[in-house]
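Peer 1: Dumping the structure here so I can ask a few things about it.
The values are calculated or read from the model by the stated rules, or taken from the named source; none is laboratory data. Computed from a predicted structure; not experimentally measured. With ideal geometry, Cβ positions are generated from the backbone for all residues, glycine too; neighbour counts draw on all protein chains shown.
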Amino acid sequence: MSLWRQFTRGLRVLGNRKAADREIADEVGHYLEEATAALVAGGLAPDEARRAASLEMGNAPAVREQVRGYGWENTIDSLFAELRYAARRLAGNPGFAAVSILTLALGIGASTAIFSVVDAVLLRPLPYPNPEKIVRVWEQAPDGHRMNLADPNFDDFHTQNDTFANLAAYEYGLSSVTGGSEPVRINIAIVSSGFFQALGVEPFRGRTFAPQEQRLRGAPAAIVSHGYWQRYLGATTDLSKFHLRMEGAVYPVVGVMPEGFDFPPGSAVWTPRELDPEIPSRTAHNWRGLGRLRDGVTVAQARANLSAIGRRIKAQYGKDADLNDAAVVPLADAMVGDVRTALLTLLGAVGLLLLVACANVAGLLLARTSARRKELAVRVALGAGRGRLIQQFLVESFSLSVAGGTLGILIAVGAVRALPTILPANLPRQQAVAINTPVLLFALAAIVAVAVSLGLFAAWRAAAGDLQQALTAGSRSYSGGATQRFRAFLVIGEIAATLVILIGAGLLGRSFLRLISTSPGFSQQNLITMEFSLPIPWGASSDPTSEQSGILRQIHLMDDILTRLRAIPGAESVGLAGALPVAAGDNLADGTFLLLNGQKPPANFDEWGRMAHNPSQAGYALYCVASEAYFRTLGIPLIRGRMFGEQDDWNSPHVAVISESLARERWPHQDPIGQVINFGNMDGNLKPQTIVGIVGDVRARGLDSPPSPVIYVDYRQRGMHGNSSPTILMRSALPVGEIVSAARGIFRDLAPDAPVKFSTFANEMGGWLADRRFLLLLVGLFAAAALALAAVGIYGVVAFSAARRTQEIGIRMALGARRSNVLLLIVGEGARLAVLGVAIGILASFVITRLLSSLLFGVSATDPVTFAGVAVLLSAVALLASYIPARRAMRLDPNTALRYE
Amino acid sequence: MDELNTDIIQGTLDMLILKALSLEPMHGFGIARRIEQVSRGVFKVNPGSLLTAFQRLERVGWLNSEWRQTDNSRRAKFYRLTRTGRKQLEVETTNWNRRASAIARLLKAVG
């Protein structure tokens, strides 16, 4: 009740301060009149009575002030007064205000934008119930590397564990899907029972898979994503009429997942894993593992549980199993993976940028504070307490920080809008990047932290030393030597921080240059890529003769398409391969192959497996189905032997071409040409292959990996198998658009059901480099911003110091100092700052850049070229920034300088 | 000549104001004079403290105020006890009496 009264009365006073003041004045006046009247009644003359009454009351204005001073609203009032005062002062120095606000806006805006990404990708919990219980599961090999799950091993994990509420296997990949409004090549996921339960998500429409859909050769069924449902199924409520055709089978649509459900990332369709038979091999690591822990079970306990099962499998099956352990990792960590380092690097860089920005503004504040010492001394002399002074500085720094922060948030909003265009496609969870409450809280915290540190810092510096001295001292002598030293410290710190960011950017930049100048092993220009899926599937039938005819029809169709494409005017050469090398990273399957060395080829895969246990008979390579023209199109040179030729067809002895590195690795002292191998485990065809040629190396796994050993087989002998993403490569100097429209027509004629993805190799390569480019771009931007701020900081300190030393310079010149001496004197000041800052920065960088190691390629974390280059660059900028005031000092007229006050 | 101490005992001004107002509404000077007269000149009220105390007591809700004509037809701000103000006066009076008699006993014992 009384609190309410306090509040409303205070508000009333705030609302109309004038009326409240008048009321108090009236009351005081009336009191005086009554007192006078009482004295007159007591027998005094009116004049005398008035004097006596006034005397008794004391100073009337003081009484009014005393009465007026009561109430909480006065604190606010004085705050407003300070605010008005601060605003007036800032407006009186618009240059200072604008530079400070823009600097802070840059720092706060950039950090807020980066924080929004970090928040979405690293900090925010996954959008599933109890996300901390969801884990990824792997088999682990004795050497510690993680492997996907083989069917029998997964079954053992699944049935023997007592720590998981759900354990599911899943796999995903691109596939053609027809049956919606148009055919698309899209990600489909094959998931075992328990998958949706592990994530804890129910379909938004329809249902999850029923038991009869989760058994061998059961009823096919598909669940689609919300996006697919909207785009290709017209968001129709009745799902019963939709049947999707994928890889030759028909799947009725039974459910739609809710909006935002995106696991595995990018999936549009989910189908049951149990429809297909299991592969009995314990080393066919085909499935990713996903699980939900039971209540009260920790990740460590679950891992111990699965490890024990893994060891048991190893003990029981020996050489038939290659695991002896298991790995269990929280899903959130597994999804983020190596992105963490990149994001933390960005956060670190932007944090340093914010520090540099603050140091700059602190420097400006210091300069102003020392110029304002007289004014402060007057305020203190008039009775302003220390608290009042601190309040004044805080109000000023808060005005700057809030203005800068508000502008910064606007910058961040713009940046977050623009982010999707520059964020690398493989950054997980980027759809969640937004300016939301946690991000705004971060910005707010940054604003308050900046305001409080700047305000207290300025107040501390202002109150340092004897303020009274400022009143008595001459204008020049009290520009504050200590303050100037302090600004120098700030600038040294700024230079050091800038150097760290610059070195980070330099290392990333050199890595990037190294990477793009690395030859992939072929020429990359003018290459158009067409990725598609074959309408005639491989392995769709269990009947060998119809399967053979399927492959033959597939080969026939490919031949037709390739012939027509070759006929497009301007097409120089057209090749076919089972995957695009380099760009997508790991599209090519890899595995163990068998060296026959004159032995009888294995009759079945059991025998194949036994033979492969003997290390002298086994080798490892990537597997690539290709056409003869593929090598010509990419410009992969034939080193020795021959290419695939016309004589190599379905019925002739099968041949293989190997890469140079495989020849060197596996046959160091022999001629590989003429050797017979069996790589039938890749496509299910046990017919052996004879090596007929050796071709140049290709960095098939990506530019940052060494050339991989590859075995190429002829598509006309082996066909495209299930793991391939058939890709046609065409070299042509003509505009891409012309070729693509011609090629589109050919595909429409010959394979109307096969969706094709047209692109250029440069484009695909760009996608592969996108995350590095993104990181480099942002760190580079931050480095440039920090460099600019540091230059301004150096300029500010040197210019201020030069101005302070005007008289000294005048004396020196009068005594015969040459202009060049003056120039050196002033530039020397900047140089001293730069040398100290660079030295500290280099020491710090030695420690900090080590954290970047995993992001570097071909450059060490302490690369001397980068360190030296950056140090020289920063020193040059520092000298340039101090040259400007130095030149001004040099041109001073000694006469004017001597009289300078 | 010794100056007589006419300061109001710390913390009792509020109680004196409430007491003065317990009979009838009064304006500031009236209250000051009443305190002076009733105490026979022992207490003299400082106008600044008095007017500030009015602000405080009004905010706390013990007093209400209004502008009215005085007997000699001047406009003055009159203060009146509220219900809670009256209760507060009782509380303060009891407290005071308890303490005053305690102090009196202590002084007697020492004397």
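Peer 1: Keeping to region A:509-531, report how many residues are more than 24 Å from the chain's Cα centre (by Cα) and surrounded by 19 or more Cβ atoms within 10 Å (Cβ to Cβ).
Peer 2: Residues flagged as more than 24 Å from the chain's Cα centre (by Cα) and surrounded by 19 or more Cβ atoms within 10 Å (Cβ to Cβ) within region A:509-531 amount to 8.
Peer 1: For region B:49-79, which residues satisfy the criterion of being more than 7 Å from chain A (Cβ to nearest Cβ), surrounded by 14 or more Cβ atoms within 10 Å (Cβ to Cβ) and over 16 Å from A:LEU32 (Cα atoms)?
Peer 2: B:ALA53, B:PHE54, B:LEU57, B:GLU58, B:TRP62, B:LEU63, B:ASN64, B:SER65, B:TYR79
Peer 1: Further, regarding this structure: Name the single residue, out of those in region A:622-641 being in a loop (DSSP other than H, G, I, E, B) and in contact with a Phe, Trp or Tyr (Cβ under 6 Å, 6 or more places away or on another chain), that is nearest to A:PRO706 (Cα to Cα).
Peer 2: Per the stated criteria, the residue is A:ILE636.
Peer 1: Within region B:18-29, track down each residue that is within 14 Å of chain A (Cβ to nearest Cβ) and crowded, with 21+ Cβ neighbours inside 10 Å. Outline the logic, then answer.
Peer 2: As a first pass, look at region B:18-29 and keep what is within 14 Å of chain A (Cβ to nearest Cβ): B:26-29.
Across region B:18-29, the qualifying residues are B:HIS27, B:GLY28, B:PHE29.
Peer 1: Also, quick follow-up: Can you name the residue in region A:1-24 that is out of contact with any helix residue (DSSP H, G or I) (no Cβ under 6 Å at 6 or more places or on another chain) and closer than 16 Å to B:THR52 by Cβ and is also nearest to the other protein chains (Cβ to nearest Cβ) among such residues?
Peer 2: Across region A:1-24, the extreme among qualifying residues is A:GLU23.
Peer 1: A follow-up question, please. When A:PRO142 is evaluated against the numbered criteria (1) in contact with a strand residue (DSSP E or B) (Cβ under 9 Å, 6 or more places away or on another chain); (2) surrounded by 15 or more Cβ atoms within 10 Å (Cβ to Cβ); (3) farther than 17 Å from A:VAL201 by Cβ, which criterion, by number, is the only one it fails?
Peer 2: The number of the failed condition is (2).
Peer 1: Here is a follow-up. Out of all the residues in region A:783-828, which are outside any helix (DSSP H, G or I) and in contact (Cβ under 8 Å) with a residue 12 or more places away in the chain?
Peer 2: First, the residues of region A:783-828 that are outside any helix (DSSP H, G or I): A:805, A:815-818.
Answer for region A:783-828, where residues must be outside any helix (DSSP H, G or I) and in contact (Cβ under 8 Å) with a residue 12 or more places away in the chain: just A:ARG805.
Peer 1: Could I ask something else about it? Within region B:55-95, take every residue that is among the charged types (D, E, K, R) and in a strand (DSSP E or B) and give me the one that is farthest from B:ILE17 (Cα to Cα). Walk me through it before giving the result.
Peer 2: Residues of region B:55-95 that are among the charged types (D, E, K, R), as a first pass: B:56, B:58-59, B:66, B:68, B:71, B:74-75, B:77, B:80, B:83, B:86-87, B:90, B:92.
If we keep only those that are in a strand (DSSP E or B) too, we end up with B:66, B:68, B:75, B:77, B:80.
Values: B:GLU66: 16, B:ARG68: 19, B:ARG75: 21, B:LYS77: 15, B:ARG80: 10 Å.
Among them, the one singled out is B:ARG75.
Peer 1: Checking B:LYS87 against (1) closer than 20 Å to A:ALA60 by Cβ; (2) modelled with pLDDT of 90 or more, only one condition comes out false. Which one?
Peer 2: (1)
Peer 1: Can you say whether A:SER845 is out of contact with any strand residue (DSSP E or B) (no Cβ under 7 Å at 6 or more places or on another chain) and over 12 Å from A:VAL500 (Cα atoms), as far as the supplied structure shows? Spell out the reasoning first.
Peer 2: Values: out of contact with any strand residue (DSSP E or B) (no Cβ under 7 Å at 6 or more places or on another chain): yes; over 12 Å from A:VAL500 (Cα atoms): no.
In short, no.
Peer 1: Something else: Restricting the search to region A:654-672, which residues are aliphatic (A, V, I, L, M) and in contact with a helix residue (DSSP H, G or I) (Cβ under 9 Å, 6 or more places away or on another chain)?
Peer 2: A:VAL655, A:VAL657, A:ILE658
Peer 1: Another question, if that's okay. Output yes when any residue across region A:215-224 is among the basic types (Lys, Arg) and over 22 Å from A:ALA169 (Cβ atoms), and no when none is. Give the derivation first.
Peer 2: Residues of region A:215-224 among the basic types (Lys, Arg): A:215, A:217.
Then drop every residue that is not over 22 Å from A:ALA169 (Cβ atoms), which leaves none.
For region A:215-224, residues among the basic types (Lys, Arg) and over 22 Å from A:ALA169 (Cβ atoms): absent.
Peer 1: Return a yes/no flag: does region A:558-575 have any residue that is under 27 Å from A:ASN286 (Cα atoms) and either assigned to a loop (DSSP other than H, G, I, E, B) or at pLDDT 75 or above (or both). Quick ask: steps written out before the conclusion?
Peer 2: Within region A:558-575, the first condition is being under 27 Å from A:ASN286 (Cα atoms), and the residues that meet it are none.
Among the residues of region A:558-575, not one is under 27 Å from A:ASN286 (Cα atoms) and either assigned to a loop (DSSP other than H, G, I, E, B) or at pLDDT 75 or above (or both), which makes the answer no.
Peer 1: I need the full set of residues from region A:550-582 which are of a type outside the set (Ser, Thr, Tyr) and surrounded by fewer than 16 Cβ atoms within 10 Å (Cβ to Cβ), in order please. Quick ask: steps written out before the conclusion?
Peer 2: Within region A:550-582, the subset of a type outside the set (Ser, Thr, Tyr) is A:550-562, A:564-572, A:574-582.
Passing the criteria: A:LEU552, A:ARG553, A:HIS556, A:ASP559, A:ASP560, A:ARG566, A:ALA567, A:PRO569, A:GLY570, A:GLU572.
Peer 1: Only one of A:LEU400, A:LEU382 is farther than 21 Å from A:THR498 by Cβ, more than 24 Å from the chain's Cα centre (by Cα) and surrounded by 23 or more Cβ atoms within 10 Å (Cβ to Cβ). Can you tell me which? Walk me through it before giving the result.
Peer 2: Details: A:LEU382 fails: surrounded by 23 or more Cβ atoms within 10 Å (Cβ to Cβ).
Step by step, each of A:LEU400, A:LEU382 is checked, and only A:LEU400 is farther than 21 Å from A:THR498 by Cβ, more than 24 Å from the chain's Cα centre (by Cα) and surrounded by 23 or more Cβ atoms within 10 Å (Cβ to Cβ).
Peer 1: Could you list, in sequence order, the residues of region A:705-718 that are farther than 13 Å from A:LEU622 by Cβ and either of a type in the set (Ser, Thr, Tyr) or touching a Leu at 6+ places or on another chain (Cβ under 6 Å) (or both)? Give the derivation first.
Peer 2: The initial filter retains those residues of region A:705-718 that are farther than 13 Å from A:LEU622 by Cβ, namely A:714-718.
Matches in region A:705-718: A:TYR715 only.
Peer 1: Looking at A:ALA49, is it at pLDDT 85 or above, within 22 Å of B:GLN37 (Cβ to Cβ), within 7 Å of chain B (Cβ to nearest Cβ) and crowded, with 18+ Cβ neighbours inside 10 Å? Step through it out loud before you land on a result.
Peer 2: Working: at pLDDT 85 or above: yes; within 22 Å of B:GLN37 (Cβ to Cβ): yes; within 7 Å of chain B (Cβ to nearest Cβ): no; crowded, with 18+ Cβ neighbours inside 10 Å: yes.
For A:ALA49, the condition - at pLDDT 85 or above, within 22 Å of B:GLN37 (Cβ to Cβ), within 7 Å of chain B (Cβ to nearest Cβ) and crowded, with 18+ Cβ neighbours inside 10 Å - is not met.
Peer 1: Can you work out which of the residues in region A:672-713 that are of a type outside the set (S, T, N, Q), under 22 Å from A:GLN548 (Cα atoms) and surrounded by 21 or more Cβ atoms within 10 Å (Cβ to Cβ) is farthest from the chain's Cα centre (by Cα)?
Peer 2: Of all residues in region A:672-713, those of a type outside the set (S, T, N, Q) come to A:672-674, A:676-677, A:679-680, A:682-684, A:686-688, A:691-704, A:706-707, A:709-713.
With the extra rule that they be under 22 Å from A:GLN548 (Cα atoms), the set shrinks to A:677, A:679-680, A:682-684, A:686-688, A:712-713.
Keeping just the survivors that are surrounded by 21 or more Cβ atoms within 10 Å (Cβ to Cβ) gives A:677, A:679, A:682-683, A:712-713.
Values: A:ILE677: 44, A:PHE679: 40, A:MET682: 36, A:ASP683: 38, A:TYR712: 37, A:VAL713: 39 Å.
It comes out as A:ILE677.
Peer 1: Just to be sure I understand, how many residues within region B:30-47 are at the interface with chain A (Cβ under 7 Å from one of its Cβ atoms) and surrounded by fewer than 20 Cβ atoms within 10 Å (Cβ to Cβ)? Walk me through how you get there before you give the answer.
Peer 2: Kept after step one, since they are at the interface with chain A (Cβ under 7 Å from one of its Cβ atoms), are these residues of region B:30-47: B:33, B:47.
With surrounded by fewer than 20 Cβ atoms within 10 Å (Cβ to Cβ) added as a condition, the list becomes B:33.
Qualifying residue count for the region: 1.
Peer 1: Another one. Can you give me the number of residues within region B:24-80 that are more than 25 Å from A:ALA62 (Cα to Cα) and touching a Lys or Arg at 6+ places or on another chain (Cβ under 8 Å)?
Peer 2: Selection size over region B:24-80: 4.
Peer 1: On to the next question. Scan region A:618-650 for residues that are at pLDDT 85 or above, farther than 21 Å from A:ARG566 by Cβ and over 44 Å from the mean Cα position of the chain (by Cα) and report the count.
Peer 2: Count: 3.
Peer 1: Inside region A:212-291, counting only strands (runs of 3 or more DSSP E) that do not spill past its ends, which hold 3 or more residues that are of a type in the set (A, V, I, L, M, F, W, C) and in contact with a Ser or Thr (Cβ under 7 Å, 6 or more places away or on another chain)? First the steps, then the outcome.
Peer 2: Details: elements: A:222-224, A:243-246, A:249-256, A:267-272.
Per the criteria, no element qualifies.
One line per residue, one yes/no per condition, for (1) among the basic types (Lys, Arg); (2) more than 9 Å from chain B (Cβ to nearest Cβ); (3) touching a helix residue (DSSP H, G or I) at 6+ places or on another chain (Cβ under 9 Å); (4) surrounded by fewer than 15 Cβ atoms within 10 Å (Cβ to Cβ):
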residue	(1), (2), (3), (4)
A:VAL40	no, yes, yes, no
A:SER54	no, yes, yes, yes
A:MET57	no, no, yes, no
A:THR75	no, yes, no, yes
A:ALA91	no, yes, yes, yes
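Peer 1: Being crowded, with 19+ Cβ neighbours inside 10 Å and in a helix (DSSP H, G or I) is true for just one of A:VAL118, A:VAL177, A:VAL99. Which residue is that? Step through it out loud before you land on a result.
Peer 2: On the way: A:VAL177 fails: in a helix (DSSP H, G or I); A:VAL99 fails: crowded, with 19+ Cβ neighbours inside 10 Å.
Result: A:VAL118 is the single residue among A:VAL118, A:VAL177, A:VAL99 that is crowded, with 19+ Cβ neighbours inside 10 Å and in a helix (DSSP H, G or I).
Peer 1: Now for a different question. Looking only at region B:20-42, decide whether some residue is hydroxyl-bearing (Ser, Thr, Tyr), farther than 16 Å from A:GLY29 by Cα and not in a loop (DSSP other than H, G, I, E, B).
Peer 2: Step one: of region B:20-42, the residues hydroxyl-bearing (Ser, Thr, Tyr) are B:22, B:39.
Checking the rest, the ones that are also farther than 16 Å from A:GLY29 by Cα come to B:22, B:39.
Narrowing the set further to residues that are not in a loop (DSSP other than H, G, I, E, B) leaves none.
No, that holds for no residue.
Peer 1: Same structure again: For A:TYR70, only one of the following conditions fails: (1) more than 14 Å from chain B (Cβ to nearest Cβ); (2) part of a loop (DSSP other than H, G, I, E, B). What is its number?
Peer 2: Among (1) more than 14 Å from chain B (Cβ to nearest Cβ); (2) part of a loop (DSSP other than H, G, I, E, B), A:TYR70 violates only (1).
Peer 1: Need the failing condition index for A:ILE188 against (1) out of contact with any helix residue (DSSP H, G or I) (no Cβ under 8 Å at 6 or more places or on another chain); (2) closer than 30 Å to A:ALA445 by Cα, just the number.
Peer 2: With respect to (1) out of contact with any helix residue (DSSP H, G or I) (no Cβ under 8 Å at 6 or more places or on another chain); (2) closer than 30 Å to A:ALA445 by Cα, A:ILE188 is out only on (2).
Peer 1: Criterion first (more than 26 Å from A:GLU65 (Cα to Cα) and either surrounded by fewer than 13 Cβ atoms within 10 Å (Cβ to Cβ) or within 11 Å of another protein chain (Cβ to nearest Cβ) (or both)) does B:THR84 satisfy it?
Peer 2: Values: more than 26 Å from A:GLU65 (Cα to Cα): yes; either surrounded by fewer than 13 Cβ atoms within 10 Å (Cβ to Cβ) or within 11 Å of another protein chain (Cβ to nearest Cβ) (or both): yes.
Spelling it out, B:THR84 is indeed more than 26 Å from A:GLU65 (Cα to Cα) and either surrounded by fewer than 13 Cβ atoms within 10 Å (Cβ to Cβ) or within 11 Å of another protein chain (Cβ to nearest Cβ) (or both).
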